[in-house]
Structures are given as structure tokens and as C-alpha cells.
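Encoded as C-alpha cells, the structure appears first; notes follow it.
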Amino acid sequence: MITKIIAHRGASKLAPENTMYAFVLAYKLGAEGIETDVQLTKDDVPVLIHDETVKRTTNSSGYVKDFTYEELKRLDAGSWFSPEFCDARIITLEEFLKWIKPKDLCINIELKNNKIEYNNLETIVYDMLKHHRLLERTTLSTFNPNSVKRLVKYQNNIEIAFLTSKRNPNLVEYAKNLGANALHVKYRLVNQQLMEQAQKQNMPVRVYTVNKFKRMAHCYHLNCDGIFTDVPYKALTFRKVFQFNKQ
Ligand code: G3P
Ligand code: MG
């Protein structure tokens, strides 16, 4: 089993997160998958942005849910990172799916509905993935246990991951009971015991956000199914070194 390298919000250390710049770069650097975050606009367009508000990553302020997509796409989503990215824009999930479809990349769409319960977000995203025939290589993830429950009806067609940063000795059982078939955990939660429990239940475990060599080594050693990293090139190069040293 080889630990998959998944670019967290794209290659977000080198380009503004969740923009085409970060996604294209992740692909060019050899990432094997891309993780991105989805919120809903006022007119129910799923868009890729991590925060509920546009303040941190654009030149404006206010909640994503209070902008129409027409309004949102005019914002500068790159200058906060560096002036050379001033033409970066917030993109729709649809644009992202069209771009990724011909590429050999796995997809993780994180539903950002743990602070705002967007109406129908699960169905909107699922239907779009189905329309683009991308269900098979996509994982839908969320921190919101109620959202996992709402996703259960799609369980046989798509992988559903429960995301968590909270310690729980019965985490695997808890996630399984919610209806999840994968587990995405914060780095501090991953250990041999969790991996064994998850393996017994046939549940892949992926870990966020792994940027340091020492942490990468720990995840590779434990045979985690994937790591989310802001530095996919570093993770890929180090994985080669790690495997070589193991021989
Ligand atoms: O999906 C893994 C990770 O992205 C979860 O945390 O806050 O970076 O979206 P966050
Ligand atoms: Mg995320």
C-alpha cells in the first residue's frame, strides 16, 4: 500500500489556495489527488473557498452565502497571497470538475457545512459529480456528523469520509455508525491503534495537514491511505526516499 499524496487546497504553499493556480501547480508537481472546500453562494452555486467569509482570501469582505456567483467572481482571490496572482478568481465546483475530469487525479470535495448548514449542499454536489461521471474517484468529506447522515443514501455510489480533529477512543466505530466509509483525521489523532481499528472495518484513513518530514515519515510508516499536504512535491520526493530506505 502506498500513501497517496493529496494536495491540500491545491499546491497551497506556492499559490493561492483553492484557485486554478494552486490546482494546476499541484497537478504539474505530480500530486495524486486534490482536496478542495465547497461553500454555497446566495444563488446556490457551489464555489471553492475554505472560509465562510471572503475576508481572508479576497480583496472584499462578507459571507459567501450573501454573494451571488456573478458578484463573487469579480473578486481578486490572489493578491492576498502575492501580487503576481492578482487575476486569480474564486471558481465554481463545475469549472473544477471540468478541468480535473481528463486528468488522472483522485478528488476530495470537502463540504464546508460545519458552521453554516447550507440547504441541500450534499445533493447539489452529489448530482454534479454524478452528471460528470466522477463518483468513482471522488470522496465527499465533512466535519458535520449530520451531513454524513444525510449522505448515507449515496453510500454505495461514492466514498463518504467523516472528518475530525477530536479525540475519541471509538472513532472508527463512531464514523461507521454515522454511515461513513472513510476517515479523515487531524495529524495528532493518527496512531497504530487507529490504523488497526480502521483496517478491520475496511476504512481508509487519510491525514491532514502533513507538511513536515517527520510527520510524513510517521504517516508513511503507518501505511496511511493518504496525506493532505500543502507541499505535494516535498511529500512525493520524501516518499521516494522513505521507500528506498525501507528496502
Ligand atoms: O480535508 C482535510 C482538511 O482540509 C480539513 O481541514 O480546515 O483545512 O479544510 P481544513
Ligand atoms: Mg479542507
Point to revise | Selection count, region 188-229, where residues are closer than 16 Å to Ala175 by Cβ and touching a His at 6+ places or on another chain (Cβ under 6 Å) | key: 1
Exercise for review: For region 101-120, state whether one or more residues are open to solvent by 40 Å² or more (accessible area, probe 1.4 Å) and within 16 Å of ligand 2 (Cβ to nearest atom).
Suggested key: yes
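Considering only region 72-86, I want to know if a residue exists there that is open to solvent by less than 10 Å² (accessible area, probe 1.4 Å) and either modelled with pLDDT under 95 or in a strand (DSSP E or B) (or both). Explain how you work it out, then say what you get.
Applying the first criterion (open to solvent by less than 10 Å² (accessible area, probe 1.4 Å)) to region 72-86 yields 72, 77-78.
Remaining after also requiring either modelled with pLDDT under 95 or in a strand (DSSP E or B) (or both): none.
Checked region 72-86: no residue is open to solvent by less than 10 Å² (accessible area, probe 1.4 Å) and either modelled with pLDDT under 95 or in a strand (DSSP E or B) (or both).
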Check your understanding: How many residues are without any contact (Cβ under 8 Å) to a residue 60 or more places away in the chain and outside any loop (DSSP other than H, G, I, E, B) if we restrict to region 29-49?
Key -> 2
Check your understanding: What pairs come up if the first residue lies in region 155-168 and is more than 17 Å from Tyr208 (Cβ to Cβ), the second is of a type in the set (Val, Ile, Thr) and open to solvent by less than 10 Å² (accessible area, probe 1.4 Å), and their beta carbons are under 9 Å apart, counting only those six or more places apart or on different chains?
Key -> Ile158/Thr138
Point to revise | Subset of region 205-236 (residues that are over 19 Å from Gln192 (Cα atoms) and open to solvent by less than 60 Å² (accessible area, probe 1.4 Å)) | key: Asn211, Thr229, Asp230, Val231, Pro232, Ala235, Leu236
Practice item. Inspect all residues belonging to region 203-216 and state whether any of them is free of Cβ contacts under 8 Å to residues at least 12 places away in the same chain and assigned to a helix (DSSP H, G or I). Key: yes
Revision key, fill the gap. Picked from region 10-66 (must be of a type in the set (Lys, Arg) and more than 16 Å from ligand 2 (Cβ to nearest atom)), the residue least open to solvent (accessible area, probe 1.4 Å) is Lys65
Check your understanding: So which residues in region 1-28 are more than 16 Å from ligand 1 (Cβ to nearest atom), in contact with a Lys or Arg (Cβ under 9 Å, 6 or more places away or on another chain) and part of a loop (DSSP other than H, G, I, E, B)?
Key -> Ile2
Practice item. Can you work out which of the residues in region 209-246 that are within 16 Å of ligand 2 (Cβ to nearest atom) and hydroxyl-bearing (Ser, Thr, Tyr) is farthest from Leu183 (Cα to Cα)? Key: Thr229
Review point. Among the residues of region 170-177, is there at least one that is of a type outside the set (Ser, Thr, Tyr) and within 16 Å of ligand 1 (Cβ to nearest atom)?
Key: yes
Review point. What residue, of Leu151, Leu171, Leu129, is farther than 13 Å from Met203 by Cβ, buried (at least 19 other Cβ atoms within 10 Å of the Cβ) and over 16 Å from the mean Cα position of the chain (by Cα)?
Key: Leu151
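The values are calculated or read from the model by the stated rules, or taken from the named source; none is laboratory data. All values reported here derive from a predicted model rather than from experimental measurement. Note: ideal-geometry Cβ built from the backbone for every residue, glycine included; neighbour counts use all protein chains shown. Areas reflect the complete protein model, heavy atoms only, side chains present, ligands, DNA and RNA absent. Shrake-Rupley method; radii C 1.70, N 1.55, O 1.52, S 1.80 Å.
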